[in-house]
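Throughout, read-outs are computed from the coordinates displayed, never taken from laboratory work. The structure displayed is predicted, hence computed values, not measured ones. Note that we place each Cβ from the backbone using ideal geometry, even for glycine, and neighbour counts take in every protein chain shown.
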Amino acid sequence: MNQLFDLTALELARAIARGDVAQSDVIQGSADCIAVSDKLNCFTAISVSDPIAATPDSSLSGVPMAVKDNLCLAGTATTCASRMLRDFIPPYTAAAVEKLLCAGAVCMGKTNLDEFAIGSTSETSFFGPVKNPWNLEYSAGGSSGGSAAAVAAGLVWYALGSDTGGSIRHPAACCGVTGMKPTYGTVSRYGLVSYASSFDQIGPIARDAADCAAVLDIIRGHDRRDSTSLPGPYPSLSAQLTGDLRSVRIGIPDVYFDEAVDEPTRCAILSCADALRRRGATVELCRASGLEHAVHAYYVLACAQASSNLARYDGVRYGCRAEAAHDVQDLFVRSRSLGFGREVQRRILLGTYLLSDENYDTYYKKAVAVRHQVEGAFRALWHSYDLLLTPVFPGPPPKLGQKTNDPVALYQEDRYVACANLAGLPALSMPCGMRQEGLPIGVQLLGPRMSDGAVLNAAFAFQQETDFHRRHPPMFGLGGDAE
Ligand code: GLN
């Protein structure tokens with residue numbers, strides 16, 4: 001059984017199709033691992049989906065996966081790791097999840113996250129923090145920490161996450177796995193509980209770039225139920241994985257290679273650049289202006305959108321309802337105070353303040369202008385570069401509890417990743433080194449809108465040159481028996 005865990009999702013699907021391994025044994029192996037891994041706290045619910053007859057040519061048929069618990073799965077609680085939605089059972093399934101199930105995926109359960117995907121350490125969950133499988137004292141990153149930790153620990157072969165300002169890429173980097181936020185509008189948001197609708201995108205967290213491409217090939221596509229869904233065309237991403245980077249120009253923007261980036265991260269990124277050069281790419285440091293305020297604009301816009309999206313949780317139609325309210329107003333206040341955790345309340349307060357009459361022009365309008373400036377700054381870079389290479393975050397992953405009392409410091413760390421959400425760009429994070437403490441280091445690749453294939457191909461080329469994506473924490477595939 002153990003060798004199975006070393007296979008990628010694509011390799012496992014082929015082994016199942018050939019009859020080398022019984023699908024029931026694979027599912028049982030995954031379930032056994034999950035059952036003994038509760039100390040990671042990756043799952044909010046474990047329930048194996050009923051197998052749906054697979055289409056014969058599905059590349060991921062029979063492979064166990066997991067779904068972040070802000071994506072609806074009909075009949076299974078979708079909690080968003082919030083007390084507010086603890087008992088919410090959606091009557092429908094998210095478009096991306098449905099597509100995977102129809103392609104023969106086996107969903108093993110729902111993964112833990114920061115409450116409503118708001119955060120970057122997976123510590124704000126109502127169910128408690130997710131632990132990093134490489135070292136249980138560290139955060140798994142966030143907000144899709146449960147998805148990243150489950151893949152890194154070998155409990156499932158891939159997982160879906162959502163990325164509003166880095167929430168796929170950040171935990172993927174913390175846990176040493178590959179995660180991709182696709183171009184905004186390419187994966188339907190139908191059935192994803194909204195955080196900041198103009199940034200939210202669903203994407204895969206997997207063992208390598210080829211698996212990410214295979215998942216995206218299944219979940220991408222136009223959906224009339226999402227008004228921001230792009231019409232396509234959607235050429236196969238997997239078919240673009242040639243590993244050839246000749247004539248690909250890659251820039252490392254100076255703003256993201258600043259003094260905050262610590263030595264191990266800097267060295268790992270420079271050796272990643274060398275590996276990409278060996279595949280034919282030109283890689284150079286470049287000047288970039290107009291990106292400096294991206295993260296500030298991100299937080300203004302994200303809080304504003306969160307405050308309006310979360311207004312629907314009022315204790316009346318669904319969600320947690322407080323007892324003993326005097327009147328309707330009191331019911332709202334009590335239910336929302338009880339149902340939402342501290343960080344979510346902070347974002348709602350900030351967002352409401354920013355959208356108020358007296359502050360709208362000063363903050364919200366200015367942030368929209370900065371967003372346009374960021375889009376323009378990227379457009380200028382695409383004249384000279386096909387892709388950009390940056391850190392995902394500048395140092396080690398946070399220790400659990402280390403940053404819970406310093407939200408602004410945490411917000412600042414999103415500056416390497418949130419820029420891609422402002423401009424709707426495809427962006428991927430992959431492991432590119434190890435720190436002395438035994439924790440993985442991640443690097444980010446991003447490209448122009450709809451260049452998802454080129455981003456994945458650069459990651460694929462890197463992974464053909466190196467084996468960081470094949471390294472696993474000691475507990476990998478053992479389900480936590482090994483410490
Ligand atoms: N850390 C960011 C935030 O808290 C991003 C979260 C996300 O991408 N869902 O807003």
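In cubic angstrom, how much convex hull volume per residue do the alpha carbon atoms of the chain span? Could you put the intermediate results ahead of the total?
Details: hull volume 65.8 nm³, N = 483.
Convex hull volume per residue, Cα atoms: 136 Å³.
So what's the back-of-envelope 222 nm ellipticity for the chain, counting only DSSP H runs of four-plus at -39500 (n - 2.57) apiece and dividing by all residues, rounded to 500?
Details: 15 runs with 164 residues, N = 483.
Computed ellipticity for the chain at 222 nm equals -10500 deg cm²/dmol.
So between residue 349 and residue 292, what do we pick up on full extension, going 0.36 nm a residue minus the alpha carbon distance? Present the calculation step by step, with values, prior to reporting the outcome.
Details: separation 57, 0.36 × 57 = 20.52 nm, distance 2.52 nm.
Difference between extended and current length: 18.0 nm.
Going by how many other beta carbons lie within 10 Å of each one, how would you line up 382, 134, fewest first? Numbers along the way, then the final one.
Values: 382 17, 134 27.
Neighbour counts put them in this order, fewest first: 382, 134.
Using R₀ = 60 Å, calculate the FRET efficiency as 1/(1 + (r/R₀)^6) where r is the Cβ-Cβ separation of residue 24 and residue 317; round to 0.05.
0.90
As I understand it, the dipole of the chain uses +1 on the Cβ of Lys and Arg and -1 on the Cβ of Asp and Glu, about the Cα centre. Which of 348, 122, 459 lies farthest toward its positive end?
Farthest towards the positive pole: 348.
Which residues' amide hydrogens lie under 5 Å from the amide hydrogen of residue 109, considering only partners 5 or more residues apart or on another chain, with H built in the peptide plane?
Under 5 Å from the amide H of residue 109 lie the amide H atoms of 47, 67, each far enough along the sequence or on another chain.
Can you tell me which of 463-474, 66-77 comes out highest on packing, and rank the rest after it, using the mean Cβ neighbours within 10 Å? Before the final figure, lay out each step's value.
Numbers: 463-474: 17.1, 66-77: 24.2.
In decreasing order of mean packing, 463-474, 66-77 become 66-77, 463-474.
For the pair residue 380 and residue 46, what calculated FRET efficiency results from E = 1/(1 + (r/R0)^6), where r is the Cβ-Cβ distance and R0 = 60 Å, to the nearest 0.05? Present the calculation step by step, with values, prior to reporting the outcome.
Working: r = 48 Å, r/R0 = 0.80.
Plugging the Cβ-Cβ distance into 1/(1 + (r/R0)^6) gives 0.80.
Pop a pseudo-label 7 angstrom from the Cα along the beta-carbon direction at both residue 36 and residue 254 and give the gap in nm to one decimal.
About 5.4 nm separates the two model spin labels.
Can you put 399, 131 in order, fewest other beta carbons within 10 Å first?
Values: 399 13, 131 22.
Arranged by neighbour count, lowest to highest, 399, 131 become 399, 131.
Anything over 29 Å Cα to Cα? Flag those among 39/99; 131/365; 131/181; 68/366; 110/365, in the order listed. Provide the component values of the computation, followed by the final result.
Working: 39/99 31 Å; 131/365 38 Å; 131/181 22 Å; 68/366 33 Å; 110/365 37 Å.
In this structure, 39/99; 131/365; 68/366; 110/365 exceed 29 Å between Cα atoms.
Could you list 130, 408, 455 in order of exposure, starting from the residue whose Cβ has the fewest other Cβ atoms within 10 Å? Present the calculation step by step, with values, prior to reporting the outcome.
Details: 130 35, 408 8, 455 30.
Placing the least packed residue first, the sequence is 408, 455, 130.
Under a point-charge model restricted to the Cβ atoms of Lys and Arg (+1) and Asp and Glu (-1), what is the dipole moment magnitude of the chain relative to its Cα centre, in debye to the nearest 20? Kindly include the intermediate steps, with their values, before the conclusion.
Working: 42 positive and 50 negative charges, 137 e Å.
Value, rounded to 20: 660 debye.
Mind jotting down the distance between the C-alpha centroids of region 385-431 and region 219-237, whole Å?
26
Based on alpha-carbon centroids, what's the gap between region 1-33 and region 138-210 in Å, whole number please?
Using only Cα atoms, the two centres lie 22 Å from each other.
Got a sec? Which residues in region 248-273 would a label at residue 465 touch, if it sits 7 Å along Cα→Cβ and we count backbone N under 20 Å?
Once the point is set 7 Å along Cα→Cβ of residue 465, 248-254, 257, 264-273 turn out to lie under 20 Å by backbone N, inside region 248-273.
Note the full-extension length gain between residue 368 and residue 137 as 0.36 nm times their separation in residues minus their Cα-Cα distance, in nm to one decimal.
Working: separation 231, 0.36 × 231 = 83.16 nm, distance 3.85 nm.
Contour length minus Cα-Cα distance gives 79.3 nm.
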